[in-house]
Structure formats: structure tokens, C-alpha cells
Amino acid sequence: MGRPSLVHERRPQIVEAAKRVIGKYGVEGATQERIASEAQLSRAHIRHYVGNRDELIQLVWNSTMEPYAQEMHERVQAAHTGLGLAGVLDFLFGTGVEASPDDAVFDAFLAWSQHDERVRERLLDSYETVVTEVAAAIRATYPKMDVAESEALGYAMLCLTIGSSSMSVLQFPAKQTGRLRDVAASMIHAAATV
């Protein structure tokens, strides 16, 4: 009988180490040597458990982005069942964008998108999904709003969210950041009632 596989233990360990390295050095500085050192494994172990650097970056992407996308999707689905836009706005301007170690990883991917077309396309695809889902939640709450207007508002919500998240490192007072959700709700309501 062979030894049990350690892939289910090692892969998350390596992905978390890679996230820390990417957060500190950016995508371009996330060498296998640095990741191996952070994970306290050899480069050969990194390759064995996750493959090459591109495959590891893919795993980091999935680990960073998919939980946010899933939560957003669930909030949008709730908006369609009559719970309204509140849950989506709470996620965008509260629980979904609270300071997190993933912020540095996200910022590194955003910076690297200027140099890597694949990363840029993936970010654009992710952003377009958020805009489309937020627009759908807006239309679920305001059914008379047309698609173009709801998508413009979805884009505005995305911009406000990313801006707020990026500025969270400055640690603005909660009274300022807390009001952003209310401002977003007011923007949507004002556009819907024009």
C-alpha cells in the first residue's frame, strides 16, 4: 500500500503562500523560489503539487476571486426573490470589501493586467460579470429601469466599490466609509425615479 497523497494538504498551503508572496512582491515578483520559501517546501514540491507558475497563478486567481463572485451571485439571486437590492449593496459596500489579505493580491493582479493581456481579459470579464449582476439586481428592484441605465449604475457601483476598497489601506474613519452604501442607494433610487 502506497503513501497517502498530500495534495489536499499541500495545494492550499502553496496557494496561500503564493498569495502572500504576490501581495508582497506583485505577480512579476512571485517567483517559484519565493513561493517555495514562503511555503517551506522545495521548488520541486511546488511543481509536483500545483504544476508550473501559470497553473499556480490560476489557482491563486480562483482562490481569490471565486468566493467574491459566488457571494455576489447569491446576493443577486436573493434580490430576484423579493429581498431587494439591500443585500447586494451591503456586500459591495460592507462585507464584500472589508479589508482583507486578498486586497493586496487583487491589487497585484490589477497592476499586472497592464503587462499581461490574459490577466487583463480575466479582470475585464470579472468586472463585466459584476456590472451585469448588479444591473440585474437593480432591475429586480426597479423593473421599469432600462438595461442601459441599470448597467451604467452597475458600473458606477463597481467603481465606487473598487475605489473604496483601494483606499481602505488609508483607514478612513468608519463614518466616511459607512456612508458610501447610502450614497450608492440614493444614486440608484434617484436614477430610477427620474
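Please treat every number below as a calculation from the coordinates, not as lab data. Computed from a prediction, not measured in an experiment: that's the story for all the values here. Methodologically, a virtual Cβ is constructed for each residue, glycine included, from the backbone with ideal geometry; neighbour enumeration extends over all protein chains shown.
Observations on the structure shown:
- Within the same chain, aspartates and glutamates fewer than 8 places from Lys175 are excluded, and of the rest, those with a Cα less than 15 Å from its Cα are Glu98.
- The range 54-106 shape via C-alpha gyration tensor axes, a/c threshold 1.5: oblate
- Under 9 Å, Cβ to Cβ, from Gly23 - net charge with Lys/Arg +1 and Asp/Glu -1: 0
- Ignoring aspartates and glutamates fewer than eight residues from Lys19 along the same chain, the ones with Cα atoms less than 17 angstrom from its Cα are Glu9, Glu28, Glu33, Glu38, Asp54, Glu55, Glu66, Asp102, Asp103, Asp107.
- Within the range 9-29: backbone nitrogen closer than 15 Å to the Arg53 label point (7 Å, Cα to C-beta): 18-19, 21-23, 25-29
- Sparsely packed loop sites in the range 126-180 (the trypsin sites (Lys or Arg not before Pro) outside DSSP H, G, I, E and B with at most 11 other Cβ atoms within 10 Å) comprise Lys144.
- Highest mean packing first, where packing is the average number of other Cβ atoms within 10 Å per residue, the peptides 34-44, 116-126, 150-160 line up as 150-160, 34-44, 116-126.
- Cβ-based net charge around Val88, under 13 Å, with every Lys or Arg adding one and every Asp or Glu removing one: -1
- For the range 83-194, the dipole from Cβ point charges (+1 on Lys and Arg, -1 on Asp and Glu) about the Cα centre works out to 380 debye, to the nearest 20.
- Rounded, prolate or oblate (a/c below 1.5 giving rounded, otherwise prolate when a/b exceeds b/c) for the range 108-194 by Cα gyration tensor: oblate
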